[in-house]
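Novice: Mind having a look at this structure? Questions to follow.
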Amino acid sequence: MPSNASLIEPKAMSSVSYTLYYGTFIHTPSLGDLEICFNTLVGVTAAGDIDFIHKNYRPEEHDYQTAVQFFINNRKNRHFDYVDYSQDPTKFFMPGFIDTHIHASQFPNIGIGLDCPLLDWLNDYTFPLENKFTDSNDEKLKFAKNVYSKVIQKTLTNGTTCASYFTTIDPHTTNLFAELLLEIGQRGFVGKVCMDHNDTYHDYEESFEDCVDSMNKIIERMAQLNPAEETLVKPIITPRFAPVCSRKMLKWLGKLSVTQDLPIQTHISENKKEIELVHDMFPDCEDYATVYDKHNLLNSQTILAHAIHLTKKERKMIREKKCSISHCPTSNTFISSGEAPIKQYLYNDKINVSLGTDVSGGFDSSILGIIKHCILVSHHLAMKTGRQGDKLTIIDAIYMATQGGAKAVGMPDKLGSFELGKKFDVQLIDLDSKESNVDTFEWQLPTQHEGDHKKRTKKMEDLLGKWIFSGDDRNCVKVWCNGRLVINKMHYSRDDRWVMVEKDF
Ligand SMILES: [Zn+2]
C-alpha cells in the first residue's frame, strides 16, 4: 500500500490541453427542467473547468463560419484539442452521475440476501463481510484492494464520476480506498463507518476512543492526498445509524463536522422495526430525525439515506435544516423496506433528493439502473395510493442523478450540469455502441437536417427514454472526471471516425 502522498498520481490531475467539445449536450439545470442543446460548443481548461459554452450553434447566424472558426475568432485561441460528435445523432454528452449512497465494502455481497429484513440482513451478511477489513495483517490490505478497486472501476464505467461512500470501521483500508479513488480517477467522499456498540454482532464494533483516533488518521491522510484547490477525495462523517452509536459518539461527530467543516452521511427511517428500535433506545427523542438533530448532525451538508417512513414533522425538520435525501429504490425493493414518496418530497416538501445505489442492499451499482428503478417504484406507489402525482418522470430522475446529487454532496456550483465555472465531470452516451442493447431506427434519429427544432427535440426526448429503459454500461463509452478522460471504451472502434483531435488550428 502506498504510504506517501507523493507516490499517488491522481488520474484526474494528469496533464491535458485546453479542449473544445462540440455535439449534443443534455442536462437538467433545475428541478423539472430538461435542456437539450444541439450543436453546442463547450470549452474546458487544462484544470478541467468549463470556461466557454455556446448553445445551438448555427453557421448562418455567424457569417457561415464553422463552429471551430467561430470559437477561434471569439476566444483568440488557436491551441486546443477538438472533439466533435455533432454529426452523429446517436451520441450525446450528459453530466456524470453522482451516487450519494454506496457501501464500497459490501460490493462482494451484491445479489445476496433477497428479502431478508434490514436488521437480519445486517447480522447475516453485512457485518461478517465488513469485519474482514479489520483483520490485523497484510491480508486485509490485499483483500481491501481487490474489493475496492473493483467497486470504483465498476461504478466509473457506468458513468458515476462522483460518489459518497461508506467503507468500514477500519482506518487503514479506508485510507487505501481514498488512494484508489485518486489512482482510478473518480471523485469520492470517503466515510469511515462510525459505530461504537453493536449489540447483535459484538465482533464488529469499535470503542469511542478507537473511533476518535481513526477519524483523526483519516482526516490527516486525506488532507495530504487531496490535490490543492481540488475536491477529489474528502472525508465524510459517517455515523452508521443511530442504533449502533452512543450519544457520546453522536455528539462528538456533530462537533467534528463543525470544527473540521466536513459533510455528514447516515441512514434514516429505512425499516419500521428499525424505527421502533430507535424509539426504544432514544425515548427522550420524539422521532428518528430528532435523534440526529439533538446531536447537531442535521445541516445543509447532511445526506440522509432511504428516508422512507418519515413523519410530516420529520420532513419539515429535514427541509428546514436543508439536508438532502438519498433515495435508494433498488435496495428498498430488494430488502422489502418500502416505497418512499419521492415526488412529494421534491415538489411539496421542497427537500433536495438525490439517488443512491446502496450497494449491496441494492444489487445494481449503476445509477442508470437506479433511474429505471426509481421511476418504476414511483409507478407502483401511484397504483397503491391512486395519486397520479406520485409518479416520477424521466426529467425528475435525471435531475436527482446529477444536479440533485451535486447539491447533496455540497458541490452544486461545481458538478451536476453544464455551466460556466463547473468541472467537466461528464459521460458520453452512444446508443449505437458495440453490442448496444438499444436499437434505434433511422426515422427515430434527430438529424441535423430536421429543420424543425421542436421536432428534433422531441425525437431526442424519445431517445432518452430508449437509453434509460434499455441502455446500460455499454452505452457509456467515455467518462471524464475533472476534465480528464478516465474511461474510454472507443479504442479500435469504428466510432472513432467521429473524433477529430487537432492542434494549432
Ligand atoms: Zn446504506
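The values are calculated or read from the model by the stated rules, or taken from the named source; none is laboratory data. Note that this is a predicted model, so its numbers are computed, not measured. When we count neighbours, we look across all protein chains shown, and the Cβ atoms used for this are built from the backbone with ideal geometry, even at glycine. These area figures cover heavy atoms from the full protein model, side chains too; ligands, DNA and RNA do not enter into them. Shrake-Rupley method; radii C 1.70, N 1.55, O 1.52, S 1.80 Å.
Novice: Express the accessible area of the stretch 1-131 per residue in Å², computed with a 1.4 Å probe while the remaining protein chains stay in the model.
Specialist: Roughly 39 Å² per residue, with all protein chains present.
Novice: For the stretch 127-186, what is the largest minus smallest coordinate of the Cα atoms on each principal axis, given in angstrom and ordered from greatest to least?
Specialist: 34, 21, 15
Novice: Only Lys, Arg, Asp and Glu count, each charged at its Cβ (+1, +1, -1, -1), so figure out the dipole size of the stretch 97-408 about its Cα centre, rounded to 20 debye.
Specialist: Working: 33 positive and 39 negative charges, 248 e Å.
Value, rounded to 20: 1200 debye.
Novice: Of all DSSP beta bridges located in the chain, what percent are antiparallel, nearest 5?
Specialist: Just about 45 percent of them are antiparallel.
Novice: Could you pull out the pairs from K192/K255; K91/K458; K154/K489; K150/K407; K455/K478 whose alpha carbons sit more than 19 Å apart here?
Specialist: From the list (K192/K255; K91/K458; K154/K489; K150/K407; K455/K478), the Cα-Cα distance tops 19 Å for K150/K407; K455/K478.
Novice: Using heavy-atom solvent-accessible surface (probe 1.4 Å) with all chains present, what is the largest-first order of E314, E61?
Specialist: From most exposed to least exposed: E61, E314.
Novice: In the full protein assembly as shown, how much of S207 is accessible to a 1.4 Å probe, in Å² to the nearest 10?
Specialist: Only protein atoms counted, so the area is about 40 Å².
Novice: Rank by packing, highest mean first: peptides 110-116, 98-104, 179-185, 336-342, with packing defined as the count of other Cβ atoms within 10 Å averaged across residues.
Specialist: Details: 110-116: 13.9, 98-104: 29.9, 179-185: 22.9, 336-342: 20.4.
Ranked by mean Cβ neighbours within 10 Å, highest first: 98-104, 179-185, 336-342, 110-116.
Novice: Can you spot the aspartates and glutamates whose alpha carbon is less than 13 Å from K316's alpha carbon? Ignore those fewer than 8 places along the same chain.
Specialist: Here the aspartates and glutamates satisfying the reach criterion relative to K316 are D287, D293, D349.
Novice: At 222 nm, what value in deg cm²/dmol follows for the chain if DSSP H runs of at least 4 each add -39500 (n - 2.57) and the sum is divided by all its residues, to the nearest 500?
Specialist: Details: 16 runs with 173 residues, N = 505.
Mean residue ellipticity, 222 nm, calculated: -10500 deg cm²/dmol.
Novice: Provide the net charge surrounding F70, with neighbours chosen by a C-beta distance below 15 Å and charges set as Lys +1, Arg +1, Asp -1, Glu -1.
Specialist: Values: positive: K55, R58, R75, K76, R78; negative: E60, E61, D63, D84.
Local charge sum for F70: +1.
Novice: Then there's this: Could you work out the local net charge near D413, counting Lys and Arg as +1, Asp and Glu as -1, over the other residues with Cβ closer than 11 Å to its Cβ?
Specialist: Working: positive: K407, K414, K422, K423; negative: E419.
Surrounding charge for D413 is +3.
Novice: Within the stretch 29-130, list the chymotrypsin sites (Phe, Trp or Tyr not before Pro) lying in a DSSP loop whose Cβ has at most 12 other Cβ atoms in a 10 Å radius.
Specialist: Working: sites: F38, F52, Y57, Y64, F70, F71, F80, Y82, Y85, F92, F93, F97, W121, Y125; in loops: Y57, Y64, F80, Y85.
Filter output for the stretch 29-130: Y64.
Novice: What number comes out for the charge environment of S300, summing +1 per Lys or Arg and -1 per Asp or Glu over other residues with Cβ under 14 Å away? Kindly include the intermediate steps, with their values, before the conclusion.
Specialist: Numbers: positive: R319, K321, K322, K350, K407; negative: D261, D293, E320, D413.
Combined, the nearby Lys, Arg, Asp and Glu give +1.
Novice: At q = 0.07 Å⁻¹, what log₁₀ I(q)/I(0) does a Debye calculation on the Cα points of the chain give, no solvent, two decimals?
Specialist: One equal scatterer on each Cα of the chain leads to -0.37.
Novice: Separate question: Given A397, T174, S257, which one lies farthest toward the positive end of the charge dipole of the stretch 97-408, if we put +1 on the Cβ of every Lys and Arg and -1 on the Cβ of every Asp and Glu?
Specialist: Farthest towards the positive pole: A397.
Novice: Considering only protein heavy atoms, with the full assembly of protein chains and a 1.4 angstrom probe, order V151, V258 by accessible area, largest first. Show your work: numbers first, answer last.
Specialist: Values: V151 0, V258 110 Å².
Descending accessible area places them as V258, V151.
Novice: Ranked by accessible surface with a 1.4 Å probe, highest first, in what order do D430, D203 come?
Specialist: Output order, biggest surface exposure first: D203, D430.
Novice: Go through the stretch 329-344 residue by residue and turn each phi into a ³J(HN,Hα) via Karplus (6.51, -1.76, 1.60, θ = phi - 60°); whole Hz please, and just put x for glycine and proline.
Specialist: These are the phi-based 3J(HN,Hα) values: x, 5, 5, 4, 7, 4, 9, 6, 8, x, 10, 6, x, 5, 4, 5 Hz.
Novice: Moving on to the next point. For K76, list the aspartates and glutamates whose Cα falls under 19 Å from its own Cα; do not include residues on the same chain fewer than 8 positions away.
Specialist: D49, D51, D63, E502, D504
Novice: What percent does the relative contact order of the chain come to when contacts are Cα pairs within less than 8 Å and at least six residues apart?
Specialist: 21
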